[in-house]
Structure formats: structure tokens, C-alpha cells
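The values are calculated or read from the model by the stated rules, or taken from the named source; none is laboratory data. This is a predicted model, so every value here is computed, not measured. No Cβ is skipped: glycine too gets one built from the backbone with ideal geometry, and neighbour counts run over all protein chains shown.
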Amino acid sequence: MKVGVPKEIKAHEYRVGLTPGAVREYVAAGHRVMIETNAGAGIGATDDDYRNAGATILTSAVEVFASSEMIVKVKEPQPSEWCQLRENQILFTYLHLAPDPDQAKGLLKSGCTAIAYETVTDAHGGLPLLAPMSEVAGRLAIEAAGSALKRSAGGRGLLIGGVPGVQPARIVVIGGGVVGTHAARMAVGLGAEVTIIDRSIRRLRDLDELFEGRVRTRFSTIESVEEEVFAADVVIGAVLVPGASAPKLVRRSMLSSMRKRGVLVDVAIDQGGCFETSRPTTHADPTYEVDGVIHYCVANMPGAVPLTSSQALNNATLPFGLALANKGFSAVLENPHLRAGLNVHRGRLTYKAVAESLGLPFSPIEQAAA
């Protein structure tokens with residue numbers, strides 16, 4: 001199969017769909033890989049690195065899209081990209097369609113087959129292609145919170161870990177999944193006082209054992225969320241509903257009762273955000289203030305550490321990408337985990353949660369593939 005990798009064009013996105021090491025695997029499996037020139041610059045990979053791995057270097061994204069049967073990316077296609085997709089072409093990347101009706105309409109119009117990293121599953125019921133970026137984002141969330149807490153950035157002027165004799169920051173993590181666990185791990189390591197809120201008693205038990213009493217756990221109710229948010233210096237939004245828009249767990253009316261110059265970090269912003277006052281921001285302009293509370297809502301947080309992120313992502317996506325390259329759409333029909341990743345096929349939405357979030361018709365894969 002002809003596999004194409006365009007350079008990422010989202011603001012301050014430095015990751016790359018395939019690293020040179022991953023290219024070698026595709027080439028060894030008999031596939032032709034075409035890379036847009038300088039696509040790997042953000043991770044320090046030169047065109048010569050890709051040539052040595054067996055790739056062909058093309059001068060523009062237009063050439064990559066036009067000559068490829070499968071496009072491998074990191075972030076969702078931008079308007080200038082989705083208009084280049086075509087019928088029977090496979091797109092393999094993060095999509096996050098639920099809060100993005102324009103992209104959904106663009107993909108539907110193109111007739112392409114779009115498989116979303118964030119909804120591909122594994123035999124354990126996990127989301128293996130979302131997990132590595134969730135790990136990165138969870139850890140970065142605490143770094144972002146620490147920066148936003150500085151008085152020069154508009155925050156309370158509070159050091160996350162405090163110092164002897166001075167109380168550390170109180171950090172509340174809403175959601176005990178991969179993002180929340182890694183955020184809590186970083187926060188605890190810095191010496192913060194950490195509480196994790198989740199709706200799963202089983203998960204709360206697991207977290208209690210994992211952290212050996214170093215974090216507090218609370219079952220998620222309206223009351224518990226309000227109590228913890230009102231007392232927090234930092235709130236990390238780490239809630240995920242696979243494929244669907246994130247629930248709004250912190251309402252604007254709650255901000256007036258929060259600590260002034262406290263910080264909200266919304267890691268769920270790719271799925272619409274879990275704070276009512278969230279809106280996407282960029283690495284260049286990451287924060288804004290609403291009712292005296294600092295909001296950090298960067299939509300591609302792992303893009304800040306592209307070398308780590310690209311390597312971690314490629315480790316996870318490689319077996320799925322090779323399956324698609326080897327078998328084409330047949331791999332989706334044969335592999336239940338790739339089936340779960342299929343969001344768009346031949347002008348139809350094939351992921352129910354996405355269709356419901358967008359208010360558009362849902363087509364089961366059997367119907368869309370007929």
C-alpha cells in the first residue's frame with residue numbers, strides 16, 4: 001500500500017505521524033511510504049533520516065494526499081486537508097469529531113474511510129492509541145498548572161509542593177482514568193495534596209491501593225465535586241466518554257465560589273471540555289481568565305513534547321497501521337478493535353456516540369460497508 005505522512009499544520013503541533021523507525025517497519029512489510037519534506041523537523045528527524053529508512057520525500061502535502069492510499073497523521077485534519085481526502089482513501093489519526101461538526105461534515109463529504117485513534121480498542125477494554133497521549137497529557141497538566149499558578153502568569157503565586165512549614169497546593173483531579181492517574185502521580189511526586197474524584201468504586205479502590213494512601217479518593221456526586229472544587233487551588237479535568245462530548249462537570253456558576261486566581265486545566269478539551277467555561281487555546285496563548293479563575297485549555301498538549309509523544313504514539317499505532325496497510329478496509333471488518341475505531345466510511349457516520357453528539361444519522365458498519 002502507498003502510505004502518506006503530511007507535515008502537521010495545527011498551531012504549534014510538532015509531532016509526526018510516522019517516525020523513521022516506524023517507516024522502516026512499513027517498508028520492511030512491503031509498503032511504500034511517502035513523507036512530506038520537513039514533516040519530522042519537530043522531532044529532529046531530517047528528510048535524510050526518512051530516506052535512509054526507505055521513504056520517498058515529497059515536496060508538498062498536496063502530493064502526499066494525491067499519491068497515497070492511506071494517510072497517517074497525528075491531529076485531526078484541518079480544512080485545507082479534509083478537502084484533499086477522497087473516496088476509498090483511509091485516514092488514520094486522532095479525530096475527536098464529537099465537538100467538531102465542521103470536520104465531521106468535511107470527512108463525510110470526502111467519502112473517505114476515517115479511523116480514529118481515540119476509539120480503537122484492545123482486548124482489555126482499553127483505548128490503546130489514546131493511552132500514550134493521555135499519559136503525556138496527564139503529566140503535562142501538572143506542569144501547566146504549576147506555571148499558571150505563578151503570580152506572573154495571573155495565578156495565586158503558589159508553589160505546588162510548598163516548602164517546609166508552608167502548605168502545598170490542593171489539587172483535585174476529576175476522573176481517575178489514564179489522564180487522571182498520571183496527573184495525580186506527578187502532583188503527588190511534587191508534594192501536592194491530591195484528591196481524585198471518579199464514579200467507579202472499583203477504580204477508586206484501585207487508585208487507593210496504587211497510591212498507598214498518598215491521595216484522597218471521593219465518589220463523584222454533585223455535592224462532592226462542588227466541595228472539592230471550591231476548596232481547590234487547581235482542578236484537573238480528566239473525564240472521558242469514548243467518542244462522545246465530555247460532560248460539563250464544573251459550571252460557570254461554581255467559579256465565583258472557587259479560590260480566586262485558582263487554575264482549571266481541561267485535558268478533555270479535545271472532546272469539548274468538561275468545564276462549562278472551557279474553550280480551546282494554543283501553546284502560544286494557553287490561558288485566559290473567567291470570573292477570577294485561570295483556564296488552561298490547550299487542545300494538543302502532547303505537541304509540546306513531540307519527541308516523547310511521537311515515539312510513544314508510534315509504539316502504539318504501529319501494529320494497527322500495519323494491519324490496515326496489509327489488508328486495507330478488510331482489516332477493519334476482520335479486527336473488532338479497528339472496527340471500534342471506524343468513525344466515518346463512504347459518507348456515513350459509523351460511531352454511535354459521535355453521531356449522537358452531532359445530532360446526525362448513525363449507520364452501523366455493515367450498512368455503511370454494503
| field | Search result, residues across the stretch 98-110 that are modelled with pLDDT of 95 or more and either buried (at least 22 other Cβ atoms within 10 Å of the Cβ) or under 24 Å from residue 322 (Cα atoms) (or both) | value | 104, 107, 110
| request: Taking the residues in the stretch 300-310 that are surrounded by fewer than 24 Cβ atoms within 10 Å (Cβ to Cβ) and aliphatic (A, V, I, L, M) as candidates, determine which candidate is nearest to residue 41 (Cα to Cα). | output: 307
| request: Inspect all residues belonging to the stretch 303-317 and state whether any of them is part of a loop (DSSP other than H, G, I, E, B) and either of a type in the set (Asp, Glu) or farther than 22 Å from residue 73 by Cβ (or both). | output: no
| said: Quick check on the stretch 320-370: of everything there that is assigned to a loop (DSSP other than H, G, I, E, B) and polar (S, T, N, Q), which residue is nearest to residue 28 (Cα to Cα)? | reply: 335
| What are the residues in the stretch 241-286 that are surrounded by 23 or more Cβ atoms within 10 Å (Cβ to Cβ) and of a type in the set (A, V, I, L, M, F, W, C), if any? | 246, 250, 263, 264, 265, 267, 268, 269, 274, 275
| Count of residues meeting criterion [in a loop (DSSP other than H, G, I, E, B), without any contact (Cβ under 8 Å) to a residue 60 or more places away in the chain and either out of contact with any strand residue (DSSP E or B) (no Cβ under 7 Å at 6 or more places or on another chain) or closer than 17 Å to residue 113 by Cα (or both)] in the stretch 283-298 | 3
| field | Answer from 337, 345 - the residue that is crowded, with 16+ Cβ neighbours inside 10 Å and in contact with a strand residue (DSSP E or B) (Cβ under 8 Å, 6 or more places away or on another chain) | value | 345
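Matching residues to (1) out of contact with any Leu (no Cβ under 7 Å at 6 or more places or on another chain); (2) under 24 Å from residue 280 (Cα atoms); (3) surrounded by fewer than 17 Cβ atoms within 10 Å (Cβ to Cβ):
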| residue | (1), (2), (3) |
| --- | --- |
| 3 | yes, no, no |
| 13 | yes, yes, no |
| 29 | no, no, yes |
| 50 | yes, no, no |
| 82 | no, yes, no |
| 86 | yes, no, yes |
| task | State whether the residues of the stretch 49-58 include one that is on the phi > 0 side of the Ramachandran plot and in contact with a Ser or Thr (Cβ under 7 Å, 6 or more places away or on another chain). | result | no
| Given the conditions (1) more than 18 Å from residue 113 (Cβ to Cβ); (2) at pLDDT 95 or above; (3) surrounded by 15 or more Cβ atoms within 10 Å (Cβ to Cβ); (4) not acidic (Asp, Glu), which single one is not true for residue 322? | (1)
| task | Among the numbered conditions (1) more than 22 Å from residue 316 (Cβ to Cβ); (2) at pLDDT 95 or above; (3) out of contact with any Asp or Glu (no Cβ under 7 Å at 6 or more places or on another chain), tell me where residue 113 comes up short. | result | (1)
| Do we find a residue being touching a His at 6+ places or on another chain (Cβ under 8 Å), over 26 Å from residue 301 (Cα atoms) and modelled with pLDDT of 95 or more anywhere in the stretch 3-13? | yes
| task | Collect the residues in the stretch 268-307 that are under 20 Å from residue 247 (Cβ atoms) and touching a Phe, Trp or Tyr at 6+ places or on another chain (Cβ under 6 Å), keeping them in residue-number order. | result | 295
| remark: Quick count over the stretch 174-190, residues being in a helix (DSSP H, G or I) and closer than 18 Å to residue 229 by Cβ, is 5
| task | Would you point out the residue of the stretch 230-240, among those that are out of contact with any Lys or Arg (no Cβ under 7 Å at 6 or more places or on another chain) and assigned to a loop (DSSP other than H, G, I, E, B), that is surrounded by the fewest Cβ atoms within 10 Å (Cβ to Cβ)? | result | 240
| query | Conditions: (1) farther than 21 Å from residue 111 by Cβ; (2) without any contact (Cβ under 8 Å) to a residue 60 or more places away in the chain. Residue 16 meets all but one. Number of the miss? | reply | (2)
| remark: Going through the stretch 138-173 in order, the residues found to be more than 15 Å from residue 195 (Cα to Cα) and in a strand (DSSP E or B) are 163, 166
| task | Please indicate, with yes or no, whether at least one residue in the stretch 164-187 is surrounded by fewer than 22 Cβ atoms within 10 Å (Cβ to Cβ), in contact with a helix residue (DSSP H, G or I) (Cβ under 9 Å, 6 or more places away or on another chain) and of a type in the set (S, T, N, Q). | result | no
| request: Scan the stretch 318-350 residue by residue and report those that are in contact with a Pro (Cβ under 9 Å, 6 or more places away or on another chain) and touching a residue at least 60 places away in the same chain (Cβ under 8 Å). | output: 320, 337, 340, 348, 349
